[in-house]
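Notes for the one structure printed next.
Each value in this text was obtained by applying a stated rule to the coordinates, not by laboratory testing. What you are looking at is a predicted structure, and each value in this text was computed from that prediction instead of being measured. All Cβ positions, glycine included, derive from the backbone under ideal geometry; neighbour counts span all protein chains shown.
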Amino acid sequence: TQLLEQSPQFLSIQEGENLTVYCNSSSVFSSLQWYRQEPGEGPVLLVTVVTGGEVKKLKRLTFQFGDARKDSSLHITAAQPGDTGLYLCAGAGRGYGNKLVFGAGTILRVKS
Amino acid sequence: NAGVMQNPRHLVRRRGQEARLRCSPMKGHSHVYWYRQLPEEGLKFMVYLQKENIIDESGMPKERFSAEFPKEGPSILRIQQVVRGDSAAYFCASSSAGNTEAFFGQGTRLTVV
């Protein structure tokens, strides 16, 4: 059972465009993490959000945690080819112990 | 290198052989998690261990798979009598006590031929 739905599954855009990736669930999480994974490598932690309504910025990346702590979004401004990769959201806590529940991921390709 | 270390990076096994995957957590981390990633799929939780204890193995297949995290040495994920369906990338992550923020290793890519 997939508890975290990510959309879109695939995204191919031109350099300089903006994009948003969504992560939705019917479950409440105590925290939500975003990872970026490149082919042949492990996921690299980008950010952790823990408070409902929280917004965190990491250079051109903006992460938001929904007020009810059931959903999150990742917005990238002026995408660059170096942003290409697989973006994964993962929820923790609220009955899941310390394990993470992952979304299926969004494959982003930024063309120059 | 203070990151999560996994070895080997690539492992090829014939059907029926055993596969042993090793994971050394980040320095200071006492919690280890194993995840499996199949092509075109996200990461699926397998098992959560602390030193000498299995805390949650709800994602681990009941047969052929086992995991341990001994007092000394790395965590080991062991797959006995491998089958083609076991081919996947296996990732280990670690965290400190009371912290759900997990850091991942580079994974072991298991290919069963």
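At a threshold of 8 angstrom on Cα-Cα distance, excluding pairs fewer than six apart, so keeping six or more, what relative contact order does chain B reach in percent?
On the way: 290 pairs, mean separation 41.7, N = 113.
The normalised contact order for chain B reaches 37 percent.
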Computed for chain A: size of charge dipole around the Cα centre, +1 on C-beta of each Lys and Arg, -1 on C-beta of each Asp and Glu, debye to nearest 20, value 200
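Given contacts defined as C-alpha pairs under 8 Å and at least six residues apart, what's the relative contact order of the stretch A:1-73, whole-number percent?
Numbers: 114 pairs, mean separation 19.9, N = 73.
Averaging sequence separation for qualifying contacts and normalising by length gives 27 percent for the stretch A:1-73.
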Hydrodynamic calc, the stretch B:23-82: Kirkwood Rh from Cα pairs, then Stokes-Einstein at 25 °C with viscosity 0.890 mPa s, so D in µm² s⁻¹ is 202
In chain B, taking the dipole from +1 charges on Lys and Arg beta carbons and -1 charges on Asp and Glu beta carbons about the Cα centre, the listed residue (B:29, B:7, B:105) farthest towards the positive end is B:7
Simple spin-label estimate for residue A:57/residue B:10, 7 Å along Cα→Cβ, in nm, reads 4.3
When B:22, A:69 are ranked with the fewest other C-beta atoms within 10 Å first, the list becomes B:22, A:69
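For peptide A:100-111, compute the average count of partner chain beta-carbon atoms within 10 Å of each residue's beta-carbon. Please report the intermediate quantities before stating the final value.
Numbers: counts 11, 4, 7, 2, 4, 5, 0, 1, 0, 0, 0, 0.
If you average over the peptide's residues, the count of other-chain Cβ atoms is 3.
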Mean per-residue count of partner chain Cβ within 10 Å for B:45-58 equals 2
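Apply 1/(1 + (r/R0)^6) to the Cβ-Cβ distance of residue B:63 and residue A:28, taking R0 = 41 Å, and write down the FRET efficiency to the nearest 0.05.
Values: r = 34 Å, r/R0 = 0.82.
Efficiency for this residue pair is about 0.75.
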Given 25 °C, 0.890 mPa s and a Kirkwood radius over Cα pairs, the Stokes-Einstein diffusion coefficient of chain B in µm²/s is 176
Kirkwood calc, chain A, C-alpha pairs only, radius in angstrom 14.0
Taking every DSSP bridge whose two residues both lie in chain B, the antiparallel percent to the nearest 5 is 90
Here, the protein assembly as shown modelled as identical Cα point scatterers in vacuum has Debye log10 I(q)/I(0) at q = 0.12, 0.13, 0.17 Å⁻¹ of -0.65, -0.76, -1.22
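Within 10 Å of each residue's Cβ, count the other Cβ atoms and sort B:63, A:54 from fewest upward. Numbers along the way, then the final one.
On the way: B:63 8, A:54 18.
Neighbour counts put them in this order, fewest first: B:63, A:54.
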